[in-house]
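Have a look at the structure below before the remarks.
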Amino acid sequence: MSLHDAARQSEHDTGGPVVDIRDLEVSFASDRGSVKAVDGVSLQVAPGEVLAVVGESGSGKTVTAKSILGLLPASATASGMVLLGSKRGHAATDVVAVPKSRLRELRGTDVAMVFQEPSAALNPVYTVGWQIAEGLRAHTSISRGDARAKAIDVLRRVGIPDPEERVDYYPHQFSGGQKQRVVIAMALVLDPGLIVADEPTTALDVTVQAEILDLLRRCRDDFGTSILLITHNLGVVADLADRVAVMYAGKVVEQATTAELFAHPQQEYTRTLLAAVPFVGQGRERAAVRASAREATAQDAGTEPETVVEADGLRITYPGRLGRAGFTAVDGVSFRLRSGEVLGLVGESGSGKTTIGRAIAGLTKVTGGSLRVLGQEMRGVKERTFRPLRGDIGFVFQDPASSFNPLLTIADCVAEPLVVHGRATDPRAARARVDELLEAVQLPRAYGDRYPHELSGGQRQRASLARALALDPKLLIADEPTSALDVSVQARVLELFSELQARLGFASLFISHDLAVVDLLADRIAVLYHGELVEEGTGEQVLGAPQHPYTQRLLASLPVPDPAAQADRRHELARLKADETTSQR
């Protein structure tokens, strides 16, 4: 019997589930009255079990999870019961009813949380070893030396290399995936019975995400820890979860084992969620239709499509500081992007994707090779020379919340390019064009009078797309525009992007680490690895028959919403990693 099965079997010995949520209701006080975020939720997590809670933003997932740790804000009112079991054999505690002093005793020892953004969860002025040991000092009378030794041990167990040395590193000295491992180490150091993981892989590349999912699986199997997984990524659910609870508008609308839910979803909302998930191979038919349309247009015009971007041996090096050598982010990359075409640029963080996008937009200097954008050579270009071309380039940023001025209305934000480039004297004069753009991205005109914080994530991304299209650009650069969106919202934004691109005919560089999204939109795909272009071609060529080992690993790392298929992909990824390790020896 495996450790996982043994832990599941021990449920009766420990007296019941690790957490038992009964009729939980949570309301928030607001200027418009009480808002109910969680409405009669009942959930259980058994020992050694992974329960995934899925649903769109605003469905109540995170509020339910935070209720287990008593982390709700002062404006929240909770009722019902949240019975938290103890791994040490103590009686279950009703978290809703206990005082704050008791909650501090429970956090870390009985339940711990892994937050979505590790950079926000880690204190930048303390070493990671100090922060891991902080929980030990708060709950035990352990000596400084023993705390350090335990911190080193848990860092080793979560896969941090050279833990004896890196225990003294600060958070900024770790990559995003390593920071998430450190946060998991902080959660594990007191051996809690339950870990609440709130979107632990949302901002990570697919290869790093696969490593974190494998680590969470080992937390369950090796530590005997139960996991409550909050996510909107159904591929992650298929990869890790034993059971799934689907939430909508504060209620649990469906619960089932993972295999049952994916094979036979009962609720229409669940079926809609599953249908919204993009998968590799979905975009091949669309790409063929787009290619035929472009060829027909070119034949009618009697000319070849205009080359919008042409890179030849492109090299971008960031200068070193304090006598250190420079860092080469892009090394000898060559590609072409023609009018009306979508080129998907994929790769891990640090592969050079965003650097290339910024160089095309004139925001990063080209240090070697050649890069021609709309006929202008970018190497050594002066701003006054490039400025007239900026109106022909639109940019959609990854996080619209940080790219919008929070003091301006949506209408003012969308009008900003028109005012800056002299197409309108002020935002008021541009309002007719702004209303037209908002309707083009399927937002009501009235939303122009709202502020960015009053829109949902998907609505903000639509407004960001409207701003990028304000000047009718010939080229649109989209940098991870859907990475933080729910699957259903992502599907609507991608469909909108595809419709606008087909209607307006702009060329687009679509930057993403999600191969399924790129396959859905792109005519051609270029794969970057450590600043080099390792593979390029159509989706059928690159994703259907990948030649480079890195592309094969990327494809195997992409979780799919099918538990059986995902298990096969996990084994394939393990085989590829083993082959790669063998070849390096």
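Descriptive notes on the structure:
- Test for Ser512: is it in contact with a helix residue (DSSP H, G or I) (Cβ under 9 Å, 6 or more places away or on another chain) and modelled with pLDDT of 85 or more: yes
- Within the range 100-113, not a single residue is part of a loop (DSSP other than H, G, I, E, B), more than 23 Å from Leu213 (Cβ to Cβ), out of contact with any Ser or Thr (no Cβ under 6 Å at 6 or more places or on another chain) and free of Cβ contacts under 8 Å to residues at least 24 places away in the same chain.
- Among residues of the range 218-239 being of a type outside the set (A, V, I, L, M, F, W, C) and touching a strand residue (DSSP E or B) at 6+ places or on another chain (Cβ under 9 Å), the one that is nearest to Pro559 (Cα to Cα) is Asn233.
Here is a yes/no grid of residues against (1) of a type in the set (S, T, N, Q); (2) more than 19 Å from the chain's Cα centre (by Cα); (3) not in a helix (DSSP H, G or I):
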site: Gln131; (1), (2), (3): yes, yes, no
site: Leu155; (1), (2), (3): no, yes, no
site: Pro161; (1), (2), (3): no, yes, yes
site: His172; (1), (2), (3): no, yes, no
site: Val183; (1), (2), (3): no, no, no
site: Thr202; (1), (2), (3): yes, no, yes
site: Ile212; (1), (2), (3): no, no, no
site: Leu215; (1), (2), (3): no, no, no
site: Leu228; (1), (2), (3): no, no, yes
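- Scanning the range 429-460 for residues that are assigned to a loop (DSSP other than H, G, I, E, B) and either of a type in the set (A, V, I, L, M, F, W, C) or assigned by TED's automatic domain parsing to the domain that holds Glu56 (or both) yields Ala429, Ala430, Val441, Leu443, Leu455.
- Beta carbons closer than 8 Å, at least 6 apart along the sequence or on distinct chains, never pair a first residue in the range 567-585 that is assigned by TED's automatic domain parsing to the domain that holds Ala259 with a second that is modelled with pLDDT of 75 or more and among the basic types (Lys, Arg).
- Each residue in the range 382-434 was checked for being out of contact with any strand residue (DSSP E or B) (no Cβ under 9 Å at 6 or more places or on another chain) and closer than 18 Å to Phe497 by Cα, and 4 pass.
- Elements of the type strands (runs of 3 or more DSSP E) sitting completely within the range 483-539 and holding at least 1 residues that are under 20 Å from the mean Cα position of the chain (by Cα) and not polar (S, T, N, Q): these cover 507-512, 524-529.
- Candidate set from the range 97-129 (those that are among the β-branched types (Val, Ile, Thr) and either touching a strand residue (DSSP E or B) at 6+ places or on another chain (Cβ under 8 Å) or under 21 Å from Ala76 (Cβ atoms) (or both)); member that is surrounded by the most Cβ atoms within 10 Å (Cβ to Cβ): Val111
- Test result for Leu363, at pLDDT below 95 and either of a type in the set (Phe, Trp, Tyr) or surrounded by 15 or more Cβ atoms within 10 Å (Cβ to Cβ) (or both): no
Residue-wise test of (1) modelled with pLDDT of 90 or more; (2) exposed (fewer than 15 other Cβ atoms within 10 Å of the Cβ).
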{"site": "His4", "(1), (2)": "no, no"}
{"site": "Leu43", "(1), (2)": "yes, no"}
{"site": "Thr62", "(1), (2)": "no, no"}
{"site": "Ala91", "(1), (2)": "no, yes"}
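- Count of the range 503-524 residues, restricted to those that are out of contact with any Asp or Glu (no Cβ under 7 Å at 6 or more places or on another chain) and touching a residue at least 40 places away in the same chain (Cβ under 8 Å), is 14.
- Just one of the listed residues (Leu234, Leu190, Leu261, Leu204) is of a type outside the set (D, E, K, R), surrounded by 19 or more Cβ atoms within 10 Å (Cβ to Cβ) and under 28 Å from Leu106 (Cβ atoms), namely Leu190.
- Filter result for Pro444 (in contact (Cβ under 8 Å) with a residue 12 or more places away in the chain and on the phi < 0 side of the Ramachandran plot): no
- Evaluating Leu345 against the criteria (1) at pLDDT below 90; (2) surrounded by 24 or more Cβ atoms within 10 Å (Cβ to Cβ) leaves one unmet condition, (1).
- Candidates in the range 465-510 are the residues that are of a type in the set (Ser, Thr, Tyr) and under 19 Å from Gly344 (Cβ atoms); of these, the one that is surrounded by the fewest Cβ atoms within 10 Å (Cβ to Cβ) is Ser498.
- The range 230-260, residues that are touching a Ser or Thr at 6+ places or on another chain (Cβ under 7 Å) and part of a helix (DSSP H, G or I): Val236, Val237, Ala238
The values are calculated or read from the model by the stated rules, or taken from the named source; none is laboratory data. Just so it is clear, the structure is predicted and the values come from calculations on it, not from any experiment. Neighbour counts are summed over all protein chains in view; Cβ atoms, including those assigned to glycine, are modelled from backbone coordinates with ideal geometry.
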